[in-house]
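The values are calculated or read from the model by the stated rules, or taken from the named source; none is laboratory data. Computed from a prediction, not measured in an experiment: that's the story for all the values here. Because the Cβ atoms are built from the backbone with ideal geometry, glycine has one as well, and the counts that use them run over all protein chains shown. Accessible surface areas use protein heavy atoms only, side chains included; no ligands, DNA or RNA. Shrake-Rupley method; radii C 1.70, N 1.55, O 1.52, S 1.80 Å.
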Amino acid sequence: MEQKLSEADLDAQREVSQCGANVDAILDELESASGVELLTRAGPGGLRGFLQALLRLREFSVLSATILLFIALSLATPLFPQLDNILLVARQISILAIIATGVTFLFISGEIDLSIGSIYGFLGIVLASLIAKYGFNPWLALVMVIFLGAIIGLVNGTVTTRFGIPSFIVTLGMLSILRGGALLASGGWPVMIKLPREDPFLNITSGHVAGLVPTQVFWMIGVMVIGGFVLSKTRFGSHVYATGGNQEAAVLAGINTKWVKTINFMITGALCGVAAALLLGQHRNAFPLTGTGYELDIIAAVVIGGTPLFGGAGSILGTFLGAAVLGMITNGLVLLGASAYFEPVAKGSIIVAAILVDTLIRRRRV
Amino acid sequence: MAQEVSFPATAETATPEVSGNRPLVELRAISKSFGHVQALQRVDFCIFPGEVVGLVGDNGAGKSTLIKIISGAYQPDSGTILVDGVPVSFHSPRDAMRMGIATVYQNLALVDQRDVAANIFLGREPTRGIVIDRRRMVEESVQVLQQLRSDIPSVDVAVGFLSGGQRQAVAIARAVHQIAARLVIMDEPVAALGIEESRKVLRLIKQLKAQGRAVIVISHNLEHVFSVADRIVVLRRGRLAGVRRREDTTAAEIVRLIVGAEHL
């Protein structure tokens, strides 16, 4: 994704960032269509101002989709809105959302990583092997796996940025290499870790707080809060946006865009290590095929969350909401007793629908 | 490498706005070729603090090569560059920036999705600890834009929304504020702008001059050049065709210099 943006792309980006400017027009149209003055033209503090701020929010469309989906599923089945079920969904999306946080960084800087599912599966095998076969302390093994994930990201990033090969290709290669690596390292068999049930590693990676809230949810919140902070409040975050927004301008401003992108690959790889540990704690088994096809779910969450494929914009909050939408669909279909084979169909439709709605809202012109 | 060439400034080039003052930037006998193409041939040039120089010439006359040498993007084959009377050699635009020479590129090098303040501070964001000092960015952005008398409504707006003239103002504000530019080089700043927007940019140039900064403006529009420039430097086929003070010349004479008098 190194190539320059075409004029059409730039236009599209302008349109994307224009959604706020047209809020008034949209509200006006709503009023004239209904023949009622829906909202008084109060200052920014009034209801209109609040709605304007809401519409201007990049995450607006995915936020509304999340809420609508929540309401629809709650109406469809009374099982859905119960606390147990909500916490279950939260746990189910945790691992995905953790990796998606790294992918959000990557997308904003204008790169993609297709090898995330393989990194995740490979690191799971490595982690389980370190603990089970080589007797490493699980925490030390976790640190090593996070480090290894960062190294894999370093390779992805270096090949991409130093040799100018599209990250799509580089990480497609890495996807295959590491899947093979996971199979070779495990001989194709699951690797089981034998830790006592009350081992703190298991409790902290996949236990419950107060016997209720899964610890994985706290891992997710922790990763996403830190990720969101870095992205929106630090110089590095600012450089990530600039790198994906206009790489040439970023370079002229003295930003080392190659390094920014490489660091994002490393963050993504490291977070795959964290995710692998959370899954291992949950299953106490690592499977060599874990994470196959997972990259599509993760990328879907990021894209549903409003981060464009060509970079320059996006947010961690959006990615969280995107992950929540995916999680609710999976869960809702199970509760509704739909065939499991229907799940990919529903997911795919929602992905396209979400982006369609998003595009329509942003394309609105006066 | 630039070699030291002692070359007496011609009467024409040494027509300072304020005599007795030292040029901010001076080029002596600069030559540059690309393969067989002689882009610049022993060109002299100088600019004084607070002076606006219009650089004109036909396509291929060497205007872009000249400003790229001043901004450090190109290195001359021979000749000397002096800043504050001291010979210097620029290996990159960063070297020139360190000397207070900023270039506002034709494409402006802005990040459309980011807001005005973020663009003005692009790559040099102030921080408190590890957190970006957003308040300082906003305050200083507002301040520098006010000094430029720009009409940008808010520094929180993404620059993709702004008009061409406003975008130009953001790019200039960055040059002025970040690099503390003493010389601002503008390549065709109004080429893509409407009448009203062009006027705003010309006003920006006058504002820079009022702040004591030097400005080099490349433009094909002689009317614009005459409205802002103190001196007009004409290049023709890589050579200096003439230097005129605005009040001593006419558009007709400048056109003659641009196309070569023998053609008229």
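Scanning segment A:91-103 for residues that are out of contact with any Gly (no Cβ under 6 Å at 6 or more places or on another chain) and open to solvent by less than 20 Å² (accessible area, probe 1.4 Å) returns A:94, A:95, A:96, A:97, A:98, A:99, A:100, A:102, A:103. Per the conditions (1) closer than 26 Å to residue A:155 by Cβ; (2) away from chain B (no Cβ under 14 Å), the sole criterion not satisfied by residue A:210 is (1). Regarding residue B:184, is this residue among the aliphatic types (A, V, I, L, M), more than 13 Å from chain A (Cβ to nearest Cβ) and touching a Leu at 6+ places or on another chain (Cβ under 7 Å)? Considered against the rule, which asks whether it is among the aliphatic types (A, V, I, L, M), more than 13 Å from chain A (Cβ to nearest Cβ) and touching a Leu at 6+ places or on another chain (Cβ under 7 Å), residue B:184 comes out as yes. Of the listed requirements (1) in a helix (DSSP H, G or I); (2) farther than 21 Å from residue A:125 by Cβ, residue A:271 misses just one: (2). Kindly indicate whether any position in segment A:320-342 is in contact with a Pro (Cβ under 9 Å, 6 or more places away or on another chain) and open to solvent by less than 30 Å² (accessible area, probe 1.4 Å). No; the residues of segment A:320-342 include none that is in contact with a Pro (Cβ under 9 Å, 6 or more places away or on another chain) and open to solvent by less than 30 Å² (accessible area, probe 1.4 Å).
When the test is whether a residue is modelled with pLDDT of 95 or more and surrounded by 18 or more Cβ atoms within 10 Å (Cβ to Cβ), residue A:153 passes it.
Every condition in (1) open to solvent by 10 Å² or more (accessible area, probe 1.4 Å); (2) in contact (Cβ under 8 Å) with a residue 12 or more places away in the chain; (3) within 14 Å of another protein chain (Cβ to nearest Cβ) is met by residue B:32 except one, and the failing one is (3). Just to check your reading of the model, which residue among A:306, A:291 is closer than 19 Å to residue A:111 by Cβ and open to solvent by less than 20 Å² (accessible area, probe 1.4 Å)? Going through A:306, A:291 in turn, the sole match is A:306.
Please state which one of A:256, A:264, A:285 is open to solvent by 20 Å² or more (accessible area, probe 1.4 Å) and closer than 26 Å to residue A:238 by Cβ. Step by step, each of A:256, A:264, A:285 is checked, and only A:256 is open to solvent by 20 Å² or more (accessible area, probe 1.4 Å) and closer than 26 Å to residue A:238 by Cβ.
Here's the yes/no breakdown for (1) assigned to a helix (DSSP H, G or I); (2) closer than 30 Å to residue A:142 by Cα:
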| position | (1), (2) |
| --- | --- |
| A:288 | no, yes |
| A:300 | yes, yes |
| A:332 | yes, no |
| A:337 | no, no |
| A:360 | yes, no |
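Evaluation of residue A:287 against the conditions (1) farther than 18 Å from residue A:100 by Cβ; (2) of a type outside the set (A, V, I, L, M); (3) at pLDDT below 90 shows that the sole unmet condition is (3).
Does residue A:251 meet the test of being over 16 Å from the mean Cα position of the chain (by Cα), surrounded by fewer than 21 Cβ atoms within 10 Å (Cβ to Cβ) and either within 14 Å of another protein chain (Cβ to nearest Cβ) or modelled with pLDDT under 95 (or both)? Yes: the conditions hold for residue A:251.
So for segment A:74-86 (the condition being hydroxyl-bearing (Ser, Thr, Tyr) and within 23 Å of residue A:218 (Cβ to Cβ)), does at least one residue qualify? The answer is no, given that none of the residues of segment A:74-86 is hydroxyl-bearing (Ser, Thr, Tyr) and within 23 Å of residue A:218 (Cβ to Cβ). Screening the candidates A:307, A:330, A:268, A:290 for the property of being touching a Ser or Thr at 6+ places or on another chain (Cβ under 9 Å), under 30 Å from residue A:203 (Cβ atoms) and hydroxyl-bearing (Ser, Thr, Tyr) yields one hit, A:268.
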